[in-house]
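A.B. asks: Have a look at the structure that comes next, please.
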Amino acid sequence: MEINRAQEILSESSSELERIKVSYKSSALAPVISAANFDFHYNTLYKRYVDNYNKGLNKSFNEAGAYLHGIYFSQFGPARGIKPTGQIRNLIDRKFDNFIDFKKSFKEHAMKLTGSGWVYLSKSGDIKTIANHAKRTDIAVLVDMWEHAYMNDYHSKEKYLDAIWKIMDWNAINSRL
């Protein structure tokens with residue numbers, strides 16, 4: 001399912017939600033995200049947000065959790081370690097001068113997040129946080145900072161934040177801008 005259609009499905013609060021379909025295998029993101037961690041995160045936790053929303057349980061929380069996970073998983077591809085291109089590169093260069101400075105600033109913001117939540121680069125170029133779950137319409141790049149996203153593979157927020165950039169699909173991110 002293409003990213004824009006996934007976001008449309010997740011924004012239709014009166015209809016049932018469905019998880020986005022990823023175009024990669026669970027092992028394709030390794031070693032950045034292990035197959036075991038991907039399977040748990042995508043097939044258990046993300047699925048639970050969708051299922052609980054569809055059952056009518058805590059609808060705003062579960063809708064936001066499903067929405068954010070849809071964005072999160074749709075921006076990945078097999079580990080390549082390439083740098084941003086296109087509109088996202090222009091945005092990063094304009095706001096941070098270069099990708100290295102952007103990653104440093106992003107990491108600083110993420111490390112200040114207490115508890116669970118999300119860190120993202122907004123479409124305006126600001127780095128923002130989301131405590132818990134909340135839908136945002138200005139997300140360009142999104143990183144899950146809940147413990148389940150990094151603890152099993154890294155046991156460290158810092159190592160996770162250093163590695164996550166290696167699997168970003170900058171074309172998918174550009175399609176969001």
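A.B. asks: Those residues that are of a type outside the set (A, V, I, L, M) and farther than 19 Å from Met151 by Cβ, I need them from segment 116-138; list them, please.
C.D. replies: At the first step, the residues of segment 116-138 found to be of a type outside the set (A, V, I, L, M) are 116-118, 120, 122-126, 128-129, 132-133, 135-138.
Correct list: Tyr120, Ser122, Lys123, Ser124, Gly125, Asp126, Lys128, Lys135, Arg136, Thr137, Asp138.
A.B. asks: Of all residues in segment 161-173, which are in a helix (DSSP H, G or I) and among the acidic types (Asp, Glu)? Can you show your working first?
C.D. replies: If we filter segment 161-173 for residues that are in a helix (DSSP H, G or I), which is where we start, we get 161-167, 170-173.
Asp162 - this is the single residue of segment 161-173 that is in a helix (DSSP H, G or I) and among the acidic types (Asp, Glu).
A.B. asks: Just to be sure before I move on: is Lys135 under 30 Å from Lys59 (Cβ atoms), in contact with a strand residue (DSSP E or B) (Cβ under 6 Å, 6 or more places away or on another chain) and open to solvent by 70 Å² or more (accessible area, probe 1.4 Å) in the structure I sent?
C.D. replies: no
A.B. asks: Which of the residues spanning segment 138-160 are part of a helix (DSSP H, G or I), closer than 19 Å to Phe61 by Cβ and of a type outside the set (Gly, Ala, Ser)?
C.D. replies: Glu147, His148
A.B. asks: Name the residues in segment 8-24 that are open to solvent by 70 Å² or more (accessible area, probe 1.4 Å) and either in contact with a Ser or Thr (Cβ under 8 Å, 6 or more places away or on another chain) or at pLDDT 95 or above (or both), would you?
C.D. replies: Glu18, Lys21
The values are calculated or read from the model by the stated rules, or taken from the named source; none is laboratory data. From a predicted model like this one, the values you see are computed outputs, not experimental measurements. Because the Cβ atoms are built from the backbone with ideal geometry, glycine has one as well, and the counts that use them run over all protein chains shown. Note: accessible area is taken over every heavy atom of the protein model, side chains too, but ligands, DNA and RNA are not part of it. Shrake-Rupley method; radii C 1.70, N 1.55, O 1.52, S 1.80 Å.
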